[in-house]
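The next block holds one structure in the form of structure tokens; read it before the comments.
The values are calculated or read from the model by the stated rules, or taken from the named source; none is laboratory data. These numbers were taken from a predicted model, which means no experiment stands behind them. Cβ atoms come from the backbone with ideal geometry, glycine included; neighbour counts cover every protein chain shown. Areas reflect the complete protein model, heavy atoms only, side chains present, ligands, DNA and RNA absent. Shrake-Rupley method; radii C 1.70, N 1.55, O 1.52, S 1.80 Å.
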Amino acid sequence: MAELPTTLDDAIAQAQTATQAAIAAGYTRLQVEILFPELKPLPVAEKFLPAFADWGSGLKVFFTDAGMAALAKRDWGEVPFQIRSLDVAGARQTTSVEEQIDPEDQLYIFVAPSAVEVAPVEQICAVAGDRPIVLFNARLEDVATIGIGYAGRQLRQRFLDTIEPCYHLRPLDDHSAILRCYPDPWQVWLETDGIYQAIAEVAEKPDSEKLDEIFSAATGSQKSRQGLLSGLQQLLRALGR
């Protein structure tokens, strides 16, 4: 069973291992989520990507815009992989999705794409075929952008639901957290007397109702959600050490 990481570096190492294992198992659409709002995507991605350096120029890393891509090239220096930009606004006028894909590409990693970029991300995934794709800290399911009606449901069924969450780490309220580290199932962790313990393992990502059931069974009462901020801050401090 995977252990809840105690530092950010441990979380990134877990994410690397889980992603490599899922790719080796044949998954081609993967999602990695280390969900702390204070974390900026660029430095975390910089620590995540070296695990895939062996792919060399066969790895293509996409950023949401040309500014982020240029910043990565400047800050990261010489890297063995390719750095590209989705350029949602301008690329439609100058570059087709097909031109973003090369025959020698082997692996694609998208860094922090949002719901604004969901269309080009989906198109690249479709053109990429069986080549593995990793969405790193993606935010593709913004209801305000993709909608909750027929179009939104179609997008989820056609694309979003085909993505395997191989790594997911998210703090919850009242000193608790959700962890999924492939190939292990989803785990719910609860802090008691300064120690985090796994209190449940489930096959699917637990929704709020399922979480209430788990916490109720573990504590004997419905957990209050008033501790959201304090629980989040505590885990963030622990991961920042």
Residue count, segment 40-65, condition open to solvent by less than 50 Å² (accessible area, probe 1.4 Å), assigned to a helix (DSSP H, G or I) and of a type in the set (A, V, I, L, M, F, W, C), comes to 8
Filter result (open to solvent by 20 Å² or more (accessible area, probe 1.4 Å), modelled with pLDDT under 90 and hydrophobic (A, V, I, L, M, F, W, C)) within segment 119-163
119, 143, 144, 146, 148, 151
With the structure loaded, tell me whether residue 18 is free of Cβ contacts under 8 Å to residues at least 60 places away in the same chain, among the small types (Gly, Ala, Ser) and under 16 Å from residue 135 (Cα atoms) or whether it fails that test.
no
Residues being surrounded by 16 or more Cβ atoms within 10 Å (Cβ to Cβ) and either part of a strand (DSSP E or B) or modelled with pLDDT of 95 or more (or both): count how many of those fall in segment 171-183.
9
Scan segment 100-129 for residues that are assigned to a loop (DSSP other than H, G, I, E, B), over 19 Å from residue 165 (Cα atoms) and touching a strand residue (DSSP E or B) at 6+ places or on another chain (Cβ under 8 Å) and report the count.
3
Tell me, which residue of segment 1-39 that is surrounded by fewer than 20 Cβ atoms within 10 Å (Cβ to Cβ) and small (Gly, Ala, Ser) is nearest to the chain's Cα centre (by Cα)?
13
Give me the residue from segment 192-232 that is surrounded by 13 or more Cβ atoms within 10 Å (Cβ to Cβ) and closer than 18 Å to residue 8 by Cα and, out of that set, modelled with the highest pLDDT.
196
Please count how many residues of segment 186-207 are in a loop (DSSP other than H, G, I, E, B), farther than 18 Å from residue 166 by Cα and within 22 Å of the chain's Cα centre (by Cα).
0
Complete set of residues in segment 49-86 that are touching a helix residue (DSSP H, G or I) at 6+ places or on another chain (Cβ under 9 Å), over 16 Å from residue 105 (Cα atoms) and of a type in the set (Gly, Ala, Ser):
51, 66, 72
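Out of everything in segment 40-84 that is in contact (Cβ under 8 Å) with a residue 40 or more places away in the chain and aliphatic (A, V, I, L, M), what residue ends up being farthest from residue 205 (Cα to Cα)?
Step one: list which residues in segment 40-84 are in contact (Cβ under 8 Å) with a residue 40 or more places away in the chain, which gives 41-42, 44-45, 48-49, 52, 55, 57-64, 68.
Restricting the remaining residues to those that are aliphatic (A, V, I, L, M) gives 42, 44-45, 49, 59, 61, 68.
On the way: 42: 27, 44: 24, 45: 24, 49: 25, 59: 29, 61: 27, 68: 31 Å.
This residue is 68.
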